[in-house]
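Structure first, commentary second.
The values are calculated or read from the model by the stated rules, or taken from the named source; none is laboratory data. Keep in mind the model is a prediction, meaning the values are calculated, not measured. Neighbour counts run over all protein chains shown; Cβ positions are idealised from the backbone, glycine included.
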Amino acid sequence: MTMTSRERILTTLSHKEPDRVPLILNPTMHPARDLGIPFKEYFRSPELVAQGLITSREKFGTDAYIGFHYTPVEYEAFGGDVIFRDDGPPNSGRPVINTGEIIDNLQVPLIHETPCLQMVLDMIRILKAKSPDDAPIFGVALSPLSLPVMQMGFEDYIKLMYTDEIRFEKLIAINSRFFLDWAAAQIEAGADGIVYYDPVSSPTIIPLELYRKTGLKIAQNLIHQVPGPVVSAFASARVLPILDDVLTTGTVGIAVWAGGNENIKEIKLKSTEKVTIIGNLNGIEMRHWTREQAFSIVKKTIEGLEKGGGFILSDTHGEIPLQVPDEVLYAIRDATREYGGYPISV
Amino acid sequence: MAPDEVDTRVPDLITALINMDRLTLREILKPEDGTVINEHTIDTLIVPALDEIGQKWEDGSVAISQVYMAGILIEEMISSVIPDIRSDEKNKERIATVVLEDYHMLGERIVTAYLIGAGYAPLRYGRRDVQEVLLLVSQDNIKYLVISTLMLPSALRIKEVTSGLAGKGVKVIVGGAPFRFDPELGKEVGADRVCFTASDAVTAIRELEAMS
């Protein structure tokens, strides 16, 4: 029996086998390109972004909406300037925190008074109302530990972590209050769950012992306070060394890279019936894939991971680069349908 | 470098750098018996240690925050102990580091620190667009240009830099996240070398120097 996208996602999150492996692709810029609308105009419009997500779902067969406009929206809420370009996603500009005194006086942005956040909430409401089916919507919120990379710049933030524990804790406290407000607002607007975007917690970025003092405690404290399911994402960084810790945070899913340096099958095995594993197609490399390569890679990725549910096929980063041709995304969609049907026999 | 030329204090230096132990670092690099950092120390002690830290990041046993702090500490030591190293033989050929278009400066900052640790004196161009890079490289007579990028679109624009520098004798060394995920990207943008760790930039320049 064919399931709806919602049934498919919920079944795999429950560690049972759905009708086929769910697929999540998030080509944020492709709809604007197709419409011929400049990115700055597109990404500032809740209506256009909502319609773009619906169009992408229809084209590429994704089983969930990732309901966000651009990564630096929270940095923008703290006063940052977003840089728009015509060949890539919007990026954060100069840091908004460049002295310790700014942290001392930093205020939590009020969701209802912050236009860029209202823009995202409006988009989620429109998406919920206009989506022609019941595909789940995931909002996105940066972890309090990872947001300072944009607020301060990476270099100053690393120095803060190692040299000024008091101000570090102040900043984390402010960002934590903001995170909870922001996640709850997205759920209230219609999101079914939240992607907790936390690359700094990865051992690629900070050592394990520092993660256990910081990112782990923050996640353990916050995730269960979100009024909906939370999926943790580490933005193409390593996760295996902290996997046992992440499993204690209350997250229901982990988006992983697990490329040449990590074994995704090992990650899946350790996570069986605990969390759902999401990944791990290489979004950068797929620019070059032929249809045959896409089929081969999808087949190889699915093989061995799908057993018992708890697996969603996706890219490694949560955002497909503009330079990836539609034909590759069509091939990933078609290959998922060909090889991902349960019982799997790839 | 032959194994017997590597200083036996390399493991101690690595431990001190990863633990951010300034006291031990000063004991290793400026011991009381009067030994000072010189070219030999850089080649047999500092560069091997930085290279090993780069390898440890590559294999996942140290984090980028530790790689960064190690570079900063080495830079501090080099600058404070032998500020005149910048006039030595190594800096006949000019080196520049730049972040192309992105606002994410960490990678370039680490590479610069590692180059300084290896005795080089790179010019830091900060964040620049393609035309600015081409102008600066020409004005400063740069021989080795080290470009850091975080975002794929910025990495792809390196092709405009390499095209603009074609036939001018400038060697372009690139690094950053997109290159880690696409092994073909360096060739696609016309780079002379691709780096996966900060210490790779030191190796790349040394190899290119040896070939020139």
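Among the residues of the range A:28-51, those identified as part of a helix (DSSP H, G or I) and under 17 Å from A:Gln323 (Cα atoms) are A:His30, A:Pro31, A:Ala32, A:Arg33, A:Asp34, A:Leu35, A:Phe39. Which one is farthest from the other protein chains (Cβ to nearest Cβ), of the residues in the range A:86-99 that are surrounded by fewer than 15 Cβ atoms within 10 Å (Cβ to Cβ) and in contact with a helix residue (DSSP H, G or I) (Cβ under 8 Å, 6 or more places away or on another chain)? In this case the residue turns out to be A:Asn98. Looking across the range A:157-199 at every residue that is over 23 Å from the mean Cα position of the chain (by Cα) and of a type in the set (D, E, K, R), the one that is farthest from A:Gln220 (Cα to Cα) is identified as A:Lys159. Only one entry in A:Asp315, A:Asp326 is of a type in the set (Asp, Glu), in contact with a strand residue (DSSP E or B) (Cβ under 6 Å, 6 or more places away or on another chain) and under 25 Å from B:Gly186 (Cα atoms), namely A:Asp315. The condition (being touching a residue at least 60 places away in the same chain (Cβ under 8 Å) and of a type in the set (Lys, Arg)) is satisfied by just one residue among A:Lys213, A:Lys217, A:Lys130: A:Lys130.
Checking each residue of the range B:105-114 against the condition of being under 22 Å from B:Arg206 (Cα atoms) and surrounded by fewer than 20 Cβ atoms within 10 Å (Cβ to Cβ) gives no match. For the range B:133-145, the criterion of a residue being within 14 Å of chain A (Cβ to nearest Cβ), within 20 Å of B:Leu106 (Cα to Cα), touching a residue at least 24 places away in the same chain (Cβ under 8 Å) and part of a strand (DSSP E or B) is satisfied by no position. When residues in the range B:179-191 are screened for being under 15 Å from B:Pro153 (Cα atoms), assigned to a helix (DSSP H, G or I) and more than 11 Å from every other protein chain (Cβ to nearest Cβ), 1 of them pass. Looking across the range A:57-85, the residues that are farther than 30 Å from A:Pro22 by Cβ and either within 14 Å of another protein chain (Cβ to nearest Cβ) or without any contact (Cβ under 8 Å) to a residue 24 or more places away in the chain (or both) come down to A:Tyr75, A:Glu76, A:Gly79, A:Gly80, A:Asp81, A:Val82, A:Ile83, A:Phe84, A:Arg85.
Take the conditions (1) at pLDDT 90 or above; (2) surrounded by fewer than 13 Cβ atoms within 10 Å (Cβ to Cβ); B:Ala2 misses just one of them, which is (1).
Only a single criterion out of (1) more than 26 Å from B:Leu50 (Cα to Cα); (2) buried (at least 19 other Cβ atoms within 10 Å of the Cβ); (3) modelled with pLDDT of 95 or more is not satisfied by B:Val98, namely (1). Within the range A:1-56, the set of residues being in contact (Cβ under 8 Å) with a residue 60 or more places away in the chain, crowded, with 21+ Cβ neighbours inside 10 Å, closer than 24 Å to A:Gln186 by Cβ and not aliphatic (A, V, I, L, M) comprises A:Ser5, A:Thr12, A:Pro22, A:Asn26, A:Pro27, A:Thr28, A:His30.
For every residue, the table says whether it meets (1) touching a residue at least 24 places away in the same chain (Cβ under 8 Å); (2) crowded, with 19+ Cβ neighbours inside 10 Å.
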| residue | (1), (2) |
| --- | --- |
| A:Glu285 | no, yes |
| A:Glu303 | yes, no |
| A:Ser314 | yes, yes |
| A:Asp326 | yes, no |
| A:Arg337 | yes, no |
| A:Gly340 | yes, yes |
| A:Ile344 | yes, no |
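Out of the residues in the range A:286-309 meeting the condition of being part of a helix (DSSP H, G or I) and in contact with a helix residue (DSSP H, G or I) (Cβ under 6 Å, 6 or more places away or on another chain), tell me which one is farthest from A:Asp245 (Cα to Cα). Here the residue is A:Arg291. A single member of A:Ile205, A:Ile166 is within 14 Å of chain B (Cβ to nearest Cβ), aliphatic (A, V, I, L, M), free of Cβ contacts under 8 Å to residues at least 40 places away in the same chain and closer than 27 Å to A:Glu101 by Cβ, and it is A:Ile205. Take A:Phe178 and tell me if it is within 23 Å of A:Asn91 (Cβ to Cβ) and at pLDDT 95 or above. Yes, satisfied. For the range A:290-301, a residue qualifies if it is crowded, with 20+ Cβ neighbours inside 10 Å and either touching a Cys at 6+ places or on another chain (Cβ under 6 Å) or among the hydrophobic types (A, V, I, L, M, F, W, C) (or both), and the qualifying residues are A:Ala294, A:Val298. Scanning the range A:197-240 for residues that are among the polar types (S, T, N, Q) and touching a strand residue (DSSP E or B) at 6+ places or on another chain (Cβ under 7 Å) yields one hit, A:Ser232. Report, ordered by the first and then the second residue, all pairs with beta carbons closer than 8 Å, sequence separation of six or more or different chains, a first member in the range A:98-126 that is farther than 17 Å from A:Thr71 by Cα, and a second member that is part of a helix (DSSP H, G or I) and among the basic types (Lys, Arg). That search, which allows pairs on different chains as well, returns A:Gly100/A:Arg167; A:Ile103/A:Arg167; A:Ile103/A:Lys170; A:Asp104/A:Arg167; A:Asp104/A:Lys170; A:Leu106/A:Lys170; A:Val108/A:Arg177. Taking the stated definitions as given, is A:Ile124 within 14 Å of chain B (Cβ to nearest Cβ), assigned to a helix (DSSP H, G or I) and of a type in the set (A, V, I, L, M)? In short, no. Restricting to the range B:153-178, and then to whatever is in contact with a Ser or Thr (Cβ under 8 Å, 6 or more places away or on another chain) and either part of a helix (DSSP H, G or I) or free of Cβ contacts under 8 Å to residues at least 12 places away in the same chain (or both), can you tell me which residue is surrounded by the most Cβ atoms within 10 Å (Cβ to Cβ)? Here the residue is B:Ala155.
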